[in-house]
1. Note the angle between two axes, namely the Cα long axis of helix 68-85 and the longest principal axis of the Cα atoms of the chain, as a number of degrees from 0 to 90, rounded to the nearest 10.
2. How would you rank 30, 60, going from fewest to most other Cβ atoms within 10 Å of each one's own Cβ?
3. If all Cα-Cα distances of the chain are sorted into 10 Å bins from 0 onward, what percent lands in each bin, rounded to whole numbers?
4. Mind giving me the nanometre distance, one decimal, between the label points for residue 102 and residue 67, set 7 Å out from Cα along Cα→Cβ?
5. How do 102, 81, 4 rank when sorted from fewest to most other Cβ atoms within 10 Å of their own Cβ?
6. By how many degrees, between 0 and 90 and to the nearest 10, does the Cα long axis of helix 34-47 differ from the longest principal axis of the chain?
7. With each pseudo-label sitting 7 Å past Cα toward Cβ, what's the residue 43-residue 14 distance in nm, one decimal?
8. Can you give the angle from 0 to 90° between the axis of helix 88-102 and the longest principal axis of the chain, with both taken from C-alpha atoms, to the nearest 10?
């Protein structure tokens, strides 16, 4: 069973699991399915806005596919959330990626 199929099986038992959803989105990117990965990241952040790692990966995906304005928007949302929850590691990563894109 490939990774995508395995994660989908695990999600059947816990469909709201942000960690598993995030792992699935990353595997979808590896498989070249950016559209489904984007939907998955957006779903994660809609149901669990404090799942900070997804902001970086969603913004990077958008940046890679040429949607700069959308990427900036997600970086900015991520910066606000990571600052609010005190996730300094994620904040620094997001800030560096944001500044690389904007400046």
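1. 90
2. On the way: 30 10, 60 17.
Lowest to highest Cβ neighbour count: 30, 60.
3. 17, 46, 29, 7, 0
4. Modelled inter-label distance: 2.0 nm.
5. Values: 102 11, 81 19, 4 16.
Exposure proxy ranking, most exposed first: 102, 4, 81.
6. So the helix axis and the longest Cα principal axis differ by about 80 degrees.
7. 1.6
8. Its long axis makes an angle of about 70 degrees.
Coordinate-derived values only; no laboratory data. Keep in mind it's a predicted model, so treat the numbers as computed, not measured. Glycine also receives a Cβ, built like all others from the backbone with ideal geometry; neighbour counts cover every protein chain displayed.
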